Amino acid sequence: MSWESVYEGAAAAPERLALLPDAVARRELDDEVLSGRSALPHEKLDRSSRAFEDEGDRWRARPVRELFDAAMRRFVEARPGASDAWLAPRLHATLRLTRREAGDSELWNHLALRVAPDYVLWRWLGSENENGGGSGGGGEARVNPRRFTGPFHVQAMARLWWAAEIYRDGRSYATAEAACANQEMFNSALRQDVFLHRPTAQTVIRMLRDGTVTGTRAANALIKAVNTAGSTIQYELVAPDEPLDTKARRLWIADLTYAPPVPHDSLPDGPDDGEVDFSSVARLLPLFQELFTTAPIRGREEPVENPYA
């Protein structure tokens, strides 16, 4: 039996988002669920979930559910991973959160187990990147449970939202879209604190967009080099960054009540809370280019010694 026949899709989704405790989520993720043979117990999960005190439009489940449905339709003929770059900015613009709210794992638990578990299976079941018995493990394919309830850089929905948050440049999601087209920006960069420094993230993305860095091996090498050099070079001093405008963020969140659904064929607008200063990227760019030149990449000739390692 396939997971498509197990889940009812949007018809089974709740009306409102909620908070689902980590312990409850972990308890329900047995092999039957992770392999897609059995559906999650909706009524049981609903009894264990806690509603948001705020009853506003932000917590309606339908817009988010429709977005996952659109991604699965749009990329039905492609590898599911190709949907990440399309979905990340649109999920961020649909689910308008503060960083504190986005740091609550119980929200992502509810999205993955109750709102769109079929998306998690579609995206990750049998993925070559999985460690939980995926297609390359010799046994039955199953999803790593951390895709349902796990760290923000691994959990299926949280990783998309946080990638858009960290890699956008003010209201523009173009840089986030470009970053999310390379899986190493999820697998390696997203977990690194150094990428919370916006000029650092934007400089790496600049090198992805201009073709200096292509492919996952090269991206992984650059990310490692930037992270290693960050232990001895204070990027914040070389390339200062302005704090995000929290008032603009609040206005963007409040505007959701009047905002139309996110466009599917063009990028939405994010919060107008400040772009990265171009001069900061310009200062980091030659440094990162040098780091990349000296970074070891499998298949490339032995690089010269990295003076910042």
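The values are calculated or read from the model by the stated rules, or taken from the named source; none is laboratory data. Because the structure is predicted, anything quoted here is derived from the model rather than measured. Neighbour counts run over all protein chains shown; Cβ positions are idealised from the backbone, glycine included. Side chains included, ligands, DNA and RNA excluded: accessible areas come from the protein's heavy atoms. Shrake-Rupley method; radii C 1.70, N 1.55, O 1.52, S 1.80 Å.
Just one of the numbered conditions (1) in contact with a strand residue (DSSP E or B) (Cβ under 9 Å, 6 or more places away or on another chain); (2) aliphatic (A, V, I, L, M); (3) open to solvent by less than 50 Å² (accessible area, probe 1.4 Å) is not true of Leu267; which one?
(3)
What's the number of the only condition in (1) at pLDDT 95 or above; (2) open to solvent by less than 20 Å² (accessible area, probe 1.4 Å) that Gly36 fails to meet?
All conditions are met except number (1).
Any idea how many residues of the range 53-105 are under 19 Å from Tyr258 (Cβ atoms) and either open to solvent by less than 10 Å² (accessible area, probe 1.4 Å) or assigned to a helix (DSSP H, G or I) (or both)?
Total meeting the criteria: 14.
Before we move on, is His153 open to solvent by 30 Å² or more (accessible area, probe 1.4 Å) and of a type outside the set (Lys, Arg)?
yes
Only helices (runs of 4 or more DSSP H) wholly contained in the range 179-258 count here; list those with 1 or more residues that are open to solvent by 10 Å² or more (accessible area, probe 1.4 Å) and more than 24 Å from Leu95 (Cα to Cα).
Hits in the range 179-258: 198-209, 215-229, 235-238.
So which residues in the range 176-224 are in contact with a Pro (Cβ under 7 Å, 6 or more places away or on another chain) and closer than 25 Å to Pro268 by Cα, if there are any at all?
Ala176, Glu177
Are there any pairs with C-beta distances below 9 angstrom linking a residue in the range 239-267 that is among the small types (Gly, Ala, Ser) to a residue that is assigned to a helix (DSSP H, G or I) and open to solvent by 60 Å² or more (accessible area, probe 1.4 Å), with the two at least 6 apart or on different chains, and if so which?
Listed pairs, sorted by first residue: Ala239/Arg283.
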